[in-house]
Every structure is written in structure tokens, then in C-alpha cells.
Amino acid sequence: MNSVEQHRNEAPARVNCMIITVSDTRTPETDKSGSLMKELLEANGHQVTGYRIVKDEYEPLRRLLLESAEHPEAEAVLLNGGTGIALRDTTYEAVRDTLDKEMPGFGEIFRYLSFTEDIGTAAILSRAVAGVIGGIAVFSVPGSTGAVRLAMNRIIIPELGHVIREIRKDRK
């Protein structure tokens, strides 16, 4: 067994996750991407411990991320929306500026998969980002259901427990 397989075997099977949808227009009834995140997490044995919809505004989003990092039930925060290049899109900056550690491979792999499996060269417009704030994992993806499905099924769900294991290993 190689070290990655060993780490996955040692990883928690269940992770407590908070979902944040970043949107100026969505409501809980119209938030298909947030609902999809919840559905996929729960179908894979994880628990959703919180859900919020917030406007795409830099400082309130940063504060919410910091609050989430202090939430006693949160082990991971998954964001969708606000990652584009429009002037109004500030999610990337808010997440990036709040991270203690960035996982650059997440955005790189997400864009690669988007390019090869989904949207072609339009993948350059994505500013997906992930990392760690305090002791929690943070994943931020575009708000389309296609982007959420791709990120969740191909990257986040397969590695979520492993990421949490790595964050926790120094705290034992």
C-alpha cells in the first residue's frame, strides 16, 4: 500500500461541512448548486452542519469564513459562486486573503478537468481555490451546477477525508 492509500485509509469517513452559496440573487428555493453540494455530501456519508447564502461582498464574506473556521462543528467549508472575473466577483479574493495555507493544485486540477471534460478553453475564466483556515478545509468553486458536480465528484468528495486527516495530523 502506498502512502496516499494509507492516508486515505486513516482518513475520517464522515466530515462535518458548511455550505456557503455566494449570490446576489439566489434564495434557498432557487439555489440549485448549494442543494447539489448538500445532496452529494450526504450521499457520500458526510454531514452538512450549516448552510448560508451571502451576497458577493468581500468583507462580509471574509468575516463569515473566519466565523466558520471557529464554528465547533465545522471541519470543511464549501463555497459556490462569485469566482468569475466580473468586477462584482470577489469570492476568490475574500477566500485567498483569508487562507492560512493554499492548495494550488485544487484550482489547477479543477481548471484542467473543466477544460478536458466540460467547457474547453472557457476554463481560464474559473478562479476556483482551496486551502486551510485555522483547522478547517475550504473549497471554493464556480456557482454553476456543472462546476459543482465536477468539483464535488472528481476532486472534493474523493479527497475530503484525506484533506481533513492531513489538517488534523499535527494536532494529535
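The values are calculated or read from the model by the stated rules, or taken from the named source; none is laboratory data. Predicted model, so just to flag it, every value in this text is computed and none were measured. Here the Cβ positions follow ideal geometry from the backbone for every residue, glycine too, while neighbour counts run over all protein chains shown. Remember, those area values only see protein heavy atoms, side chains included, never the ligands or the DNA or RNA. Shrake-Rupley method; radii C 1.70, N 1.55, O 1.52, S 1.80 Å.
Being without any contact (Cβ under 8 Å) to a residue 24 or more places away in the chain and either surrounded by fewer than 17 Cβ atoms within 10 Å (Cβ to Cβ) or in contact with a His (Cβ under 7 Å, 6 or more places away or on another chain) (or both) is a property that holds for Ser3. Taking region 13-37 as the range and being open to solvent by 70 Å² or more (accessible area, probe 1.4 Å) and within 20 Å of Gly146 (Cβ to Cβ) as the test, the residues that pass are Thr25, Arg26, Thr30, Lys32.
I'd like to check something: does region 24-31 contain any residue that is modelled with pLDDT of 95 or more and among the polar types (S, T, N, Q)? Scanning region 24-31, I find no residue that is modelled with pLDDT of 95 or more and among the polar types (S, T, N, Q), so the answer is no.
Scanning region 144-162 for residues that are within 25 Å of Gly84 (Cβ to Cβ) and either of a type in the set (S, T, N, Q) or more than 11 Å from the chain's Cα centre (by Cα) (or both) yields a count of 9. Evaluate the following for Thr30: is it of a type outside the set (Asp, Glu), free of Cβ contacts under 8 Å to residues at least 12 places away in the same chain and either closer than 18 Å to Leu160 by Cα or assigned to a loop (DSSP other than H, G, I, E, B) (or both)? So Thr30 passes the test. Any residue in region 44-58 that is touching a Lys or Arg at 6+ places or on another chain (Cβ under 9 Å), surrounded by 12 or more Cβ atoms within 10 Å (Cβ to Cβ) and part of a helix (DSSP H, G or I)? Within region 44-58, not a single residue is touching a Lys or Arg at 6+ places or on another chain (Cβ under 9 Å), surrounded by 12 or more Cβ atoms within 10 Å (Cβ to Cβ) and part of a helix (DSSP H, G or I). In region 88-105, of all residues being in a helix (DSSP H, G or I) and open to solvent by 20 Å² or more (accessible area, probe 1.4 Å), the one that is nearest to Asn153 (Cα to Cα) corresponds to Gly105. Please go through region 70-86 and give me each residue that is over 22 Å from Leu40 (Cα atoms) and of a type in the set (A, V, I, L, M, F, W, C), ordered by number. Within region 70-86, Ile85, Ala86 qualify. When Glu75, Glu108 are screened for being under 20 Å from Ile156 (Cα atoms), open to solvent by 50 Å² or more (accessible area, probe 1.4 Å) and of a type in the set (Asp, Glu), only Glu108 passes.
Residue-by-condition table, conditions (1) in contact with a Leu (Cβ under 7 Å, 6 or more places away or on another chain); (2) open to solvent by 30 Å² or more (accessible area, probe 1.4 Å); (3) part of a strand (DSSP E or B):
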| site | (1), (2), (3) |
| --- | --- |
| Ala123 | no, no, no |
| Gly131 | yes, no, yes |
| Ser140 | yes, no, yes |
| Gly143 | no, no, no |
| Val148 | yes, no, no |
| Pro158 | no, yes, no |
